[in-house]
Amino acid sequence: MNRQLKTSAIKLLLLSAAYSAACSSSDYTYGYSNNVAAGGSYWGMSSSVLGVPSTSGMDINGVIYRYTAVKDPADPFTVSIGNKDAINGGYIFRETDDWSGKSGQTITKLVPLAYTPIDRWGDGSIDLTGVGSIKEPQVVYTYRVDPCYDPQNNPSCPNYVPPLPELPVIEVYDALSDQYVQMATESTDLSLLERDTDEKKDSEGDDEGERLEVALSAAENALTIGVGVSQAQLLQAMNTATNLNAYYASNIQGGVYKETTVLSDNNIPDNRRAFRSMGQQVLHDEMVNQQWR
């Protein structure tokens, strides 16, 4: 931007600031845009074209433009600079310079406007009619920005709401998706259940037979041991009787020895051990017979 156009922009900014200070106590930020016509005769109103970080809360209140008309004085020629109204249709701003009957020269214009939100400012353009051209066109917008347009931009803004702390993400465990739960809740195969029951019964029958066989073996061993003990006792008694007979058959010189032993009881008790051994033998025989049956 050349010195003359920059001076005009500064004047317009000072006037806008003074007017805003008289009408509002809000703390606005004032500025002016880049030369939007540097890229050609048509432009948009994006933040990159205007040369601002963001257009949020922006109000445009003036347009400054400058160009040089090239034409013959006798030729008809007009230059129109404007922006479309993005909301209501038509133009929100349009300025026309009629060069018909005039020689070409450089013109600088400052067009003050009421503060208008950036949302209404559509695409801008420079339209030429007649015979002629322009060179070095420059179009600059003056604006103000409300820093509290979004209260969350600054904690000092009215209606600012402190942001909520970021909540941790809690993963909910879905028990139904667990493979072990799915396996446990699967429908039961009745045929498999019956087969398992039959196998269990067969196993229990085999175990019972094994236990009976072990019991019979133990009883047989016990009877065998008992019979062996009884036989040993009988053999010992026989040996003892044999040894005593030898003494009874011998003659002792010196006279007769009279019997002096007197039995207090004439009844001789039965041998209980022999009866017990016989009872165990009978039990063994019965268990063996039951097994074979």
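The values are calculated or read from the model by the stated rules, or taken from the named source; none is laboratory data. Fair warning: this is a prediction, and the values are worked out from it, not measured in the lab. Reconstructed Cβ throughout: ideal geometry from the backbone, glycine too, with neighbour counts over all protein chains shown. The area values use the complete protein model at the heavy-atom level, side chains included, leaving out ligands, DNA and RNA. Shrake-Rupley method; radii C 1.70, N 1.55, O 1.52, S 1.80 Å.
Computed about the Cα centre, the dipole magnitude for region 12-163 is approximately 200 debye when only Lys and Arg (+1) and Asp and Glu (-1) carry charge, each at its Cβ.
Taking amide hydrogens as placed 1.01 Å from N in the peptide plane, the amide H of Cys148 sits under 5 Å from that of no residue at least 5 positions away in sequence or on another chain. Across region 36-53, rounded Karplus estimates of 3J(HN,Hα) from the backbone phi angles (6.51 cos²θ - 1.76 cosθ + 1.60, θ = phi - 60°) give 6, 8, 5, x, x, 7, 10, 8, x, 10, 6, 5, 5, 6, 6, x, 10, x Hz, Gly and Pro being marked x.
Within the shell defined by Cβ-Cβ distances under 12 Å, the residues around Arg144 carry a net charge of -3, with Lys and Arg each +1 and Asp and Glu each -1.
Computed with a 1.4 Å probe on the full set of protein chains, the accessible area for Met287 sits at about 40 Å². The distance linking region 126-151 with region 75-101 is 12 Å (Cα centroid to Cα centroid, whole angstrom). Were the residues from Asn159 through Asp85 laid out at 0.36 nm apart, the gain over their Cα-Cα distance would be 23.6 nm.
Of the residues Leu128, Leu113, the one with the largest accessible area comes first in the ranking Leu128, Leu113, computed with a 1.4 Å probe on protein heavy atoms. Taking 0.36 nm per residue of separation and subtracting the Cα-Cα distance, full extension of the segment from Trp292 to Ser177 would add 35.6 nm.
Computed 3J(HN,Hα) for region 154-165, one whole-Hz value per residue from the Karplus formula 6.51 cos²θ - 1.76 cosθ + 1.60 where θ = phi - 60°, is 8, x, 7, 6, x, 6, 5, 10, x, x, 6, x, glycine and proline marked x. Given a Förster distance of 45 Å, report the FRET efficiency between Lys109 and Leu167 from their Cβ-Cβ distance, rounded to the nearest 0.05. Efficiency computed from Cβ-Cβ geometry: 0.20. Per-residue 3J(HN,Hα) values for region 170-179, derived from phi via the Karplus relation 6.51 cos²θ - 1.76 cosθ + 1.60 with θ = phi - 60°, read 9, 7, 8, 7, 9, 5, 5, 8, 6, 5 Hz in sequence order (x marks Gly and Pro). Counted residue by residue at 0.36 nm each, then reduced by the alpha carbon distance between them, the extension gain from Thr261 to Tyr149 reaches 26.4 nm.
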